[in-house]
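**Student:** Dumping the structure here so I can ask a few things about it.
The values are calculated or read from the model by the stated rules, or taken from the named source; none is laboratory data. Please read all numbers here as calculations on a predicted model, not as lab measurements. Every residue, glycine among them, receives a Cβ derived from its backbone with ideal geometry; neighbour counts consider all protein chains shown. The area values use the complete protein model at the heavy-atom level, side chains included, leaving out ligands, DNA and RNA. Shrake-Rupley method; radii C 1.70, N 1.55, O 1.52, S 1.80 Å.
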Amino acid sequence: RKEVEQDPGPFNVPEGATVAFNCTYSNSASQSFFWYRQDCRKEPKLLMSVYSSGNEDGRFTAQLNRASQYISLLIRDSKLSDSATYLCVVHTGYSSASKIIFGSGTRLSIRP
Amino acid sequence: DGGITQSPKYLFRKEGQNVTLSCEQNLNHDAMYWYRQDPGQGLRLIYYSQIVNDFQKGDIAEGYSVSREKKESFPLTVTSAQKNPTAFYLCASISEAGQGREKLFFGSGTQLSVL
């Protein structure tokens with residue numbers, strides 16, 4: 001089983017739609033969770049961290065469920081510029097054993 | 001401005017040749033990482049280093065080697081033992097905050113192709 005799993009998509013939705021991505025992780029010792037956005041052949045950019053209480057940044061909402069080892073990202077009122085690959089990222093371990101593991105990404109295409 | 005510099009942007013390797021990808025950071029970060037990305041795929045961890053003179057294998061370390069002689073530098077060598085090296089390589093470092101407040105910084109990547 002992969003340490004971090006995501007639905008690969010692609011998701012193809014109309015502009016203005018709401019879309020949700022899910023991600024599961026296998027290591028219960030994982031400490032920190034993030035969503036990154038990556039455009040083709042570019043480095044990933046931080047979209048938002050994911051906190052236990054859930055957090056919102058404009059049209060984006062992130063949730064964490066430690067009991068189920070599951071995080072989610074919700075995008076409301078999607079824009080054409082939201083088209084990208086969304087990567088779930090998990091930071092696991094301490095000190096010299098600290099690893100940062102990426103999910104395989106979910107591709108999102110927003111159509112006019 | 002602080003950041004991570006990867007070079008070269010494009011690199012071509014001949015059969016049986018070792019090549020080295022450069023990664024330099026001036027962010028004073030202890031932890032650095034190398035990832036490989038294949039087309040349409042996510043990032044896979046090759047090697048990571050938490051402190052100078054120490055590094056660990058990631059999930060796909062075979063055919064690669066690294067060194068961490070200086071805090072600022074974490075070069076990756078793709079050896080001739082790596083039979084399928086064509087990919088996009090990303091170097092990253094992380095700030096120390098923790099508790100979900102740490103932040104990954106990425107270089108702009110190196111595209112490696114086999115001639």
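**Student:** For chain A, with equal point scatterers placed on the C-alpha atoms only and solvent neglected, what are the log10 I(q)/I(0) values from the Debye formula at q = 0.16 1/Å, to two decimals?
**Tutor:** Debye intensities relative to I(0), on a log10 scale: -0.69.
**Student:** Tell me, what is the percent relative contact order of segment A:20-112, built from C-alpha pairs under 8 Å that lie six or more residues apart?
**Tutor:** For segment A:20-112, the relative contact order is 31 percent.
**Student:** Something else now. On average, how many beta carbons from a partner chain sit within 10 Å of the beta carbon of a residue in B:35-48?
**Tutor:** Other-chain Cβ atoms within 10 Å of each residue's Cβ, averaged: 5.
**Student:** Next question. Return the FRET efficiency for the residue pair B:Asn28, A:Tyr70: r is the Cβ-Cβ distance, R0 is 30 Å, and the value is rounded to the nearest 0.05.
**Tutor:** Once rounded, the FRET efficiency stands at 0.30.
**Student:** With N denoting the number of residues in segment A:61-112, provide Rg(C-alpha) divided by 2.2 N^0.38 Å, to two decimal places. List each step's numbers first, then the result.
**Tutor:** Working: Rg = 14.2 Å, N = 52, 2.2 N^0.38 = 9.9 Å.
Expressed relative to 2.2 N^0.38 Å, the Cα Rg reads 1.44.
**Student:** Follow-up. Accessible surface of B:Glu15 in the full protein assembly, 1.4 angstrom probe, to the nearest 10 Å²?
**Tutor:** Result for B:Glu15: roughly 140 Å² accessible.
**Student:** Summing Lys, Arg as +1 and Asp, Glu as -1, what charge do residues with Cβ under 15 Å from the Cβ of B:Pro39 carry, B:Pro39 excluded? All intermediate terms of the calculation are to be shown ahead of the outcome.
**Tutor:** Details: positive: A:Arg41, A:Lys42, A:Arg107, B:Arg36, B:Arg44; negative: A:Asp39, B:Asp38.
The answer is +3.
**Student:** Once you have the Kirkwood Rh of the protein assembly as shown from its Cα pairs, apply Stokes-Einstein at 4 °C and 1.567 mPa s and quote D in µm²/s.
**Tutor:** Answer, rounded: 72 µm²/s.
**Student:** Sticking with this one: Just tell me which aspartates and glutamates come within less than 20 Å, Cα to Cα, of B:Lys57; anything on the same chain fewer than 8 places away is out.
**Tutor:** Filter leaves A:Glu3, B:Glu24, B:Asp30, B:Asp38, B:Glu69, B:Glu72.
**Student:** Among residues other than B:Val114 whose Cβ falls under 12 Å from its Cβ, what is the net charge (Lys/Arg +1, Asp/Glu -1)?
**Tutor:** In short, +2.
**Student:** Pick from B:Pro75, B:Pro85, B:Pro39: which residue has the top mean-square fluctuation in a GNM of chain B where Cα pairs under 10 Å get a spring?
**Tutor:** B:Pro39
**Student:** Determine the relative contact order of segment B:19-104: mean sequence separation of Cα pairs under 8 Å and six or more apart, normalised by residue count, in whole percent.
**Tutor:** About 34 percent, as a whole number.
**Student:** Ignoring ligands, DNA and RNA, what percent of the 1.4 Å accessible area of chain A is carbon and sulfur?
**Tutor:** Its accessible area is 49 percent carbon and sulfur atoms.
**Student:** With +1 on the Cβ of every Lys and Arg and -1 on the Cβ of every Asp and Glu, and nothing else charged, how large is the dipole of chain B about its Cα centre, in debye rounded to the nearest 20?
**Tutor:** Using Cβ point charges on Lys, Arg, Asp and Glu, chain B gives about 260 debye.
**Student:** Averaged per residue, what accessible surface does the protein assembly as shown expose to a 1.4 Å probe, in Å²?
**Tutor:** 48
**Student:** Now for a separate question. Determine the shape class of chain B: with a ≥ b ≥ c the square roots of the Cα gyration tensor eigenvalues, call it rounded for a/c under 1.5, and otherwise prolate if a/b is greater than b/c, oblate otherwise.
**Tutor:** prolate
**Student:** Filter the trypsin sites (Lys or Arg not before Pro) in segment A:1-105 down to the DSSP loop ones having no more than 13 other Cβ atoms within 10 Å, then list what survives.
**Tutor:** Passing sites in segment A:1-105 are A:Arg1, A:Lys2, A:Arg41, A:Arg59, A:Arg66, A:Lys79.
**Student:** For chain A, which cysteines have no second Cys with its Cβ under 4.7 Å from theirs?
**Tutor:** Lacking a cysteine Cβ partner under 4.7 Å: A:Cys40.
**Student:** Out of the total accessible area of chain B (probe 1.4 Å, heavy atoms of protein only), what percent is carbon and sulfur?
**Tutor:** 46
**Student:** Also: Name the long-range amide H neighbours of A:Leu47: under 5 Å, sequence gap of 5 or more, or other chain; modelled H, no Pro or chain starts.
**Tutor:** It is A:Trp35, A:Tyr36, A:Arg37, by chain and number.
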